[in-house]
Amino acid sequence: MCYRHPDRETGVRCTRCERPICPECMVSASVGFQCPDCVRGGSGTGHAPTASQPRTMAGGTVTADPRLVTKILIGINIAVFIAVQAKSSLLNDLVLIGQWPPKPYQTTMGVTQGEWYRFVTSMFTHQQFWHIGFNMLSLWWIGGPLEAALGRVRYLTLYFVSGLAGGALTYLLAGPSTASLGASGAIFGLFGATAVLMRRLNYDMRPIFVLLAINLAFTFGFKDIAWEAHIGGLVAGVITGYAMVHAPREKRALVQYGTCALVLAVSVVLVLVRTAQLG
């Protein structure tokens with residue numbers, strides 16, 4: 001168990017004091033990981049103050065509230081859900097849709113009309129109570145520990161990259177007049193990144209595989225579920241997550257954010273191709 005968080009199991013120990021530490025407490029060192037206490041108590045080396053600042057294993061800053069971004073994301077989703085319930089017509093302006101009305105009618109709304117903002121708004125939009133309930137529970141269970149392991153900025157980047165990639169694949173493969181909504185693409189990206197992180201830490205992979213298998217069974221076992229968003233988000237999450245936890249320390253930021261930019265660039269290309277097809 002982690003010496004700072006007794007409720008969390010861990011298989012990693014500080015290379016200086018050998019106390020067990022969880023992903024939230026792990027600070028990358030030249031060899032292995034150190035705990036925040038050893039980092040803060042290290043002897044002076046003449047380095048800048050930030051050199052001894054506690055860091056997550058991905059290079060992010062260790063914060064007092066490692067779930068803050070997750071809480072904000074949940075809050076935004078709930079706020080949008082309440083707004084949609086209060087004014088149902090708002091849904092039409094937020095969902096991801098290629099073009100509406102369908103041909104041969106004159107298109108008046110959709111991505112083909114330049115409404116690219118729908119790739120973002122649809123990530124925070126839900127219509128049914130069960131949909132937002134399931135997504136927010138998944139976000140809390142998976143997102144919190146992942147945010148602690150990556151740091152706020154990297155975690156938020158992973159979330160948006162996965163969600164946008166899922167939206168791009170949905171736009172490419174789904175019918176142009178099929179509406180899509182929900183945070184599922186981003187959450188599947190968190191699933192993928194969590195699997196990569198657990199493999200990196202040599203944790204038991206069976207729980208995440210079982211959870212992922214159950215979610216994929218729901219994805220392909222029920223109608224009216226945008227499987228394209230789930231698969232697109234999952235693939236983007238695995239790729240981005242791998243870069244986050246395996247980037248070499250000396251080029252960490254370049255590899256991490258460069259990979260994110262590459263995934264986003266591919267997503268943009270998919271969107272441009274589909275828009276040209278529908279034009």
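The values are calculated or read from the model by the stated rules, or taken from the named source; none is laboratory data. The structure displayed is predicted, hence computed values, not measured ones. Using ideal geometry, Cβ is built from the backbone for each residue, glycine included, and neighbour counts are taken over all protein chains shown.
Annotation note: of Gly163, Gly233, Gly167, the sole residue that is over 12 Å from the mean Cα position of the chain (by Cα), modelled with pLDDT of 95 or more and in a helix (DSSP H, G or I) is Gly167. Per this entry, Leu211 is not counted among residues that are in the same structural domain as Trp100 (by TED's automatic domain parsing), modelled with pLDDT of 95 or more and surrounded by fewer than 20 Cβ atoms within 10 Å (Cβ to Cβ).
The residues of the range 145-155 that are part of a helix (DSSP H, G or I), crowded, with 19+ Cβ neighbours inside 10 Å and not aromatic (Phe, Trp, Tyr), listed by number, are Pro145, Leu146, Glu147, Ala148, Ala149, Leu150, Arg152, Arg154. Taken as a whole, the range 221-233 holds at least one residue that is surrounded by fewer than 22 Cβ atoms within 10 Å (Cβ to Cβ), among the charged types (D, E, K, R), in the same structural domain as Leu169 (by TED's automatic domain parsing) and touching a Leu at 6+ places or on another chain (Cβ under 6 Å). Checking each residue in the range 121-168 for being more than 26 Å from Asp93 (Cα to Cα) and among the aromatic types (Phe, Trp, Tyr) picks out Trp140, Trp141, Tyr155.
Within this structure, Arg199 fails the test of being modelled with pLDDT of 95 or more and assigned to a helix (DSSP H, G or I).
Is at least one residue of the range 8-28 among the aliphatic types (A, V, I, L, M), closer than 20 Å to Tyr203 by Cβ and modelled with pLDDT under 80? No, the range 8-28 contains no residue that is among the aliphatic types (A, V, I, L, M), closer than 20 Å to Tyr203 by Cβ and modelled with pLDDT under 80. The condition of being under 30 Å from Gln113 (Cα atoms), surrounded by 24 or more Cβ atoms within 10 Å (Cβ to Cβ), of a type in the set (A, V, I, L, M) and in contact (Cβ under 8 Å) with a residue 40 or more places away in the chain holds for only one of Leu158, Leu190, Leu173, that being Leu158.
If only residues of the range 114-142 that are outside any helix (DSSP H, G or I) and in contact with a helix residue (DSSP H, G or I) (Cβ under 8 Å, 6 or more places away or on another chain) are counted, the one that is farthest from Ala165 (Cα to Cα) is Gln127. Within the bounds of the range 95-104, is there any residue that is within 30 Å of Val153 (Cβ to Cβ) and part of a helix (DSSP H, G or I)? No, the range 95-104 contains no residue that is within 30 Å of Val153 (Cβ to Cβ) and part of a helix (DSSP H, G or I). Within the range 6-29, residues that are closer than 15 Å to Thr63 by Cα reach partners that are basic (Lys, Arg) and surrounded by fewer than 19 Cβ atoms within 10 Å (Cβ to Cβ) with beta carbons closer than 6 Å, at six or more positions or on different chains, in the pairs Cys22/Arg8; Cys25/Arg4. Taken over the range 49-64, the criterion of being at pLDDT 80 or above and over 18 Å from Pro248 (Cα atoms) is satisfied by Val62, Thr63, Ala64.
Only one of these conditions is not met by Arg199: (1) under 22 Å from Gly60 (Cα atoms); (2) of a type in the set (D, E, K, R); (3) crowded, with 20+ Cβ neighbours inside 10 Å. Which number is it? Here Arg199 meets the rest and fails (3). Contact annotation: no residue pair with Cβ atoms under 6 Å, 6 or more positions apart or on different chains, pairs a residue in the range 91-112 that is surrounded by fewer than 19 Cβ atoms within 10 Å (Cβ to Cβ) with a partner that is at pLDDT below 90.
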